[in-house]
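One structure is given below, encoded as structure tokens.
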Amino acid sequence: MRKNLGPGVGGWAISLKGVMNIVVLMGFAICGLYWWTNNSVPLPECSVKKKKKPKMRIMESLKLLVSSRYIRDLATLVVSYGININLVEVTWKSKLKAQFPSPNEYSSFMGDFSTATGIATFIMMLLS
């Protein structure tokens, strides 16, 4: 395909425009499906009354958050994940940019890597 492009026209720009057009079209398709679902699918009528939640003040909420082991573990997981992603991903991507200086090569590798990650994730989901 790159051989057929005129002088001064980059294949990277063409592929990026194509991907963005697909993203925009899929966004419009999702909006259309959302609209159709809200207008065409009837909602079931519920006769169950909602329970009133106790209103807590800020200090009471903070005490609950600090005393809950589950929420503390969840917060630790989120913070650890964020630190890990920042440390590992930035280093890894800088090494990849050195290995693949061309945007086309870099995108090709990242596409292959994402595909391999998706396949591995799917297989692990089936095995678990």
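Odds and ends about this structure:
- Test for Ser128: is it at pLDDT below 90, over 17 Å from the mean Cα position of the chain (by Cα), within 21 Å of Leu16 (Cα to Cα) and polar (S, T, N, Q): no
- Considering only residues in segment 42-72 that are surrounded by 10 or more Cβ atoms within 10 Å (Cβ to Cβ) and of a type outside the set (A, V, I, L, M), the one that is modelled with the lowest pLDDT turns out to be Ser61.
Let's see how each residue does on (1) in contact with a Cys (Cβ under 6 Å, 6 or more places away or on another chain); (2) among the hydrophobic types (A, V, I, L, M, F, W, C); (3) not in a loop (DSSP other than H, G, I, E, B):
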| position | (1), (2), (3) |
| --- | --- |
| Gly27 | no, no, yes |
| Thr37 | no, no, yes |
| Met56 | no, yes, no |
| Leu64 | no, yes, yes |
| Glu89 | no, no, yes |
| Ala98 | no, yes, yes |
| Glu105 | no, no, yes |
| Gly111 | no, no, yes |
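- When Ala98 is tested against (1) free of Cβ contacts under 8 Å to residues at least 40 places away in the same chain; (2) surrounded by 10 or more Cβ atoms within 10 Å (Cβ to Cβ), just one condition goes unmet, and that condition is (2).
The values are calculated or read from the model by the stated rules, or taken from the named source; none is laboratory data. Just so we're clear, the structure is a prediction, and the values are computed from it rather than from any experiment. Positions of Cβ are generated from backbone atoms using ideal geometry, with glycine treated the same way; all protein chains shown enter the neighbour counts.
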